[in-house]
Amino acid sequence: MLLDASDARRLVRNLLNAPIAPGKYSHFINVGTDHILDALDQNYFRGELADGIGCFKYLEGDYGSGKTQFINSLAQRASEQNVVTALVTVGNECPFNSPAAIFAAIMECFSPPAEAQRDDKGIEILIDCWIGRRIRQLGAEPGNDVPEIVQRQIEQQIGGLWKGAPDPQMASALTALSLRFLKTNCGAKEAVADSELISWIRGGNVRSAALKNLGLFEPVRDDNAFRRLKTVIAFLRSRMGYRGFLIAFDEGTRTSSFRRGSAKQKQAIENLLTMINQNAEGEFGGVMFLYAATPDFRSEVISTYRALQDRIGNKAFSKGSPQVPLINIEEANSEDVIYSIGERLLSVFSKAYGVTWDKAVQATNMKAIVAAQKAILFETPKPRFFVYQYCRFLEGQRETQHSISAEQASDFVNNNEPPLEGDGT
């Protein structure tokens, strides 16, 4: 994916509006973790996931160190290899102590691979994308003129009985929705019941006569949520040929799921262990589960649960051991990385607004900004802190470039504190 001027302007606006990772544009300014991304890409997205082999990764980094940025960059790599992604934010919308909430969040966040060229999300989008692509593969175009033989071939691929499905109701629902999308891609009008079916599959608490006629009596519950997730993954892999899945949970500083009383904490840990263990046993098939949190999660929570501690370990990812679960993103940050991020941002602003930077002036200015940040923070700035302030600085420089003094840099840094909300870029 190349960065054109309009994308560059969107990226700049995103960075100026909020100090968070800029979604699908994150990889354009990602620095310092390419060796990790390369290894995960090669080992999993181009290899083991397609063979049905799953894995678990635990991403650790302090607030603002770049966890969300890393996850978005990893998702871009996955998408380019036709791997489905689901990036879930753990919090009030998705408390990790509820399997039903986890399931619903994943269904809502599913994104099709890059080749689909669609930005909308949801399990129904994956199915609809596949139907349209399959029609084209068989030599037709979606619309009123799809030949009957093409429709029958697709019906045979997605229909029929599924013996041994982890959750028979979900298997029936996915088949029914796929057949409905086939009809709408062949010219039929959308039925009222389609929205109920989509809501039911997404984990909504919906009941109706139309759903009962399809054999769908029970909405998702905590005791059936993981079976339904396995059914969804298996359906997408076996009947639609999706080759792998990246499902990432980004906690940031929101660890409420694990700290609101011992019962909820225990259930949240059990949910995480269920995904790790059953994925290792091949029950999900071709899924990379990733959980991202701050260091205090490992010191205060994981350390008290021996089973979870054993599965994450203490040895961090390195080029010599790319398959260990623990990825410590703090190790990828340094002052050199901060300067490299600054160079990327200069290029983005240049692409967005046609700016020709005075390299000598801006190199001196960048050093002054970083030095001022270090003086205030008593450490090398985190990527989030640097990106937020440096983008504002470049916004002021792009019309009239000028050198700044150490005192001016200090004043600028003191007067442009990032807001507290959000996780790091």
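The values are calculated or read from the model by the stated rules, or taken from the named source; none is laboratory data. Everything numeric here is computed off the predicted structure, so don't read it as measured data. Note: ideal-geometry Cβ built from the backbone for every residue, glycine included; neighbour counts use all protein chains shown. Note: accessible area is taken over every heavy atom of the protein model, side chains too, but ligands, DNA and RNA are not part of it. Shrake-Rupley method; radii C 1.70, N 1.55, O 1.52, S 1.80 Å.
Structure above, values below:
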{"item": "From Ile29, Ile20, Ile36, residue being among the hydrophobic types (A, V, I, L, M, F, W, C), closer than 16 Å to Gln69 by Cβ and touching a Leu at 6+ places or on another chain (Cβ under 7 Å)", "result": "Ile29"}
{"item": "Residues satisfying the stated conditions in segment 338-394, i.e. aliphatic (A, V, I, L, M), in contact with a Ser or Thr (Cβ under 7 Å, 6 or more places away or on another chain) and touching a residue at least 60 places away in the same chain (Cβ under 8 Å)", "result": "Val387"}
{"item": "Check on Gln151, part of a helix (DSSP H, G or I) and touching a residue at least 24 places away in the same chain (Cβ under 8 Å)", "result": "yes"}
{"item": "Residue list for segment 106-133, filter: in a helix (DSSP H, G or I) and touching a residue at least 40 places away in the same chain (Cβ under 8 Å)", "result": "Ile106, Met107, Glu108, Ala114, Ile123, Glu124, Leu126, Ile127, Asp128, Trp130, Ile131, Gly132"}
{"item": "Residue list for segment 200-216, restricted to those being of a type outside the set (Lys, Arg) and out of contact with any Phe, Trp or Tyr (no Cβ under 7 Å at 6 or more places or on another chain)", "result": "Trp200, Ile201, Gly204, Asn205, Ser208, Ala209, Ala210, Asn213, Leu214, Gly215"}
{"item": "Residue identified as touching a strand residue (DSSP E or B) at 6+ places or on another chain (Cβ under 9 Å) and on the phi < 0 side of the Ramachandran plot among Pro99, Pro113, Pro147, Pro166", "result": "Pro113"}
{"item": "Qualifying residue in segment 224-237 (condition: surrounded by fewer than 21 Cβ atoms within 10 Å (Cβ to Cβ) and either over 27 Å from the mean Cα position of the chain (by Cα) or more than 30 Å from Leu290 (Cα to Cα) (or both))", "result": "no"}
{"item": "Subset of segment 5-54 [open to solvent by 70 Å² or more (accessible area, probe 1.4 Å) and either of a type outside the set (Val, Ile, Thr) or in a helix (DSSP H, G or I) (or both)]", "result": "Arg9, Arg10, Arg13, Asn17, Lys24, His35, Asp38, Gln42, Arg46, Asp51"}
{"item": "So Pro113, is it touching an Asp or Glu at 6+ places or on another chain (Cβ under 9 Å) and either under 19 Å from Ser178 (Cα atoms) or modelled with pLDDT of 95 or more (or both)", "result": "yes"}
{"item": "Residue that is open to solvent by 40 Å² or more (accessible area, probe 1.4 Å) and touching a helix residue (DSSP H, G or I) at 6+ places or on another chain (Cβ under 6 Å), where the choices are Ser403, Ser340", "result": "Ser403"}
{"item": "Test: residue in segment 177-186 that is under 23 Å from Pro99 (Cβ atoms) and either in contact with a Pro (Cβ under 6 Å, 6 or more places away or on another chain) or free of Cβ contacts under 8 Å to residues at least 60 places away in the same chain (or both)", "result": "yes"}
{"item": "Residue tally, condition touching a residue at least 40 places away in the same chain (Cβ under 8 Å), of a type in the set (A, V, I, L, M, F, W, C) and open to solvent by 40 Å² or more (accessible area, probe 1.4 Å), over segment 193-221", "result": "2"}
{"item": "Any strands (runs of 3 or more DSSP E) falling wholly within segment 223-342 and containing at least 3 residues that are more than 30 Å from Ile127 (Cβ to Cβ)", "result": "326-328"}
{"item": "Candidate set from segment 178-198 (those that are of a type outside the set (A, V, I, L, M, F, W, C) and part of a loop (DSSP other than H, G, I, E, B)); member that is modelled with the highest pLDDT", "result": "Gly187"}
{"item": "Out of Val355, Val348, sole residue that is aliphatic (A, V, I, L, M) and touching a Leu at 6+ places or on another chain (Cβ under 8 Å)", "result": "Val348"}
{"item": "Residue ID - nearest to the chain's Cα centre (by Cα), chosen from residues in segment 265-290 that are more than 13 Å from Gly54 (Cα to Cα) and buried (at least 23 other Cβ atoms within 10 Å of the Cβ)", "result": "Leu272"}
{"item": "Residues (under 21 Å from Lys24 (Cβ atoms) and either buried (at least 23 other Cβ atoms within 10 Å of the Cβ) or small (Gly, Ala, Ser) (or both)) located in segment 92-105", "result": "Ala105"}
{"item": "Verdict on Arg311 being touching a residue at least 24 places away in the same chain (Cβ under 8 Å), open to solvent by 10 Å² or more (accessible area, probe 1.4 Å) and in contact with an Asp or Glu (Cβ under 7 Å, 6 or more places away or on another chain)", "result": "no"}
{"item": "Among the candidates Ala78, Ala86, residue that is among the small types (Gly, Ala, Ser), open to solvent by less than 20 Å² (accessible area, probe 1.4 Å), modelled with pLDDT of 90 or more and not in a strand (DSSP E or B)", "result": "Ala78"}
